[in-house]
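Here is the structure we will look at.
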Amino acid sequence: MKARRTSRRSAVLIAGLAFGICSMALTATSKARSARSITTTVEVVLQDFDEDTGLLAVNMNGVPPAAWFLHTAATIHVANPPLLLFPPNPCDGLITAFNIQVERSQGGKNPGPAFDAIIAGLASHQCSAALTIDDSTSPATITEFQPSWPY
């Protein structure tokens, strides 16, 4: 009986994950972008995050000096599937918490303050992330934020 419940639970989780990924893809592709905006995706190492202003300091290619990007309420947060790494590091738990908030935000809840706190934690531990930025603003605005698993 337990095996049947476990397999059913797994099937429900997989279906929910597939629905979430499809929803994110549709949301991301349905957002119209201005003809003047120039978007670029960059791999960065987070350094500092000011929750009050939304300014995120990062090192590009892991090399100083810091670049500054603006995290706004319009920033799309993209989950990163779990990766089981040993030994564990502080970024693992923060990325898992980030993924949970992405899932919760799809239910219509506004986890903005939670994302700010998690991004601040990611920055304090110098975790990596993939940012899609709009270069037409100054500082460049983050349009998508996805934490990266450590290698």
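Using alpha-carbon pairs under 8 Å, 6+ residues apart, how would you state the relative contact order of region 38-148 in percent?
Dividing the mean separation by the residue count of region 38-148 yields 39 percent.
Quick one, can you get me the convex hull of the C-alpha atoms of region 38-148 expressed as volume per residue in Å³?
Hull volume over Cα atoms, normalised by residue count, gives 97 Å³.
Read-outs: derived from the displayed coordinates by stated rules, not from any lab. Because the structure is a prediction, the values reported are computed rather than measured.
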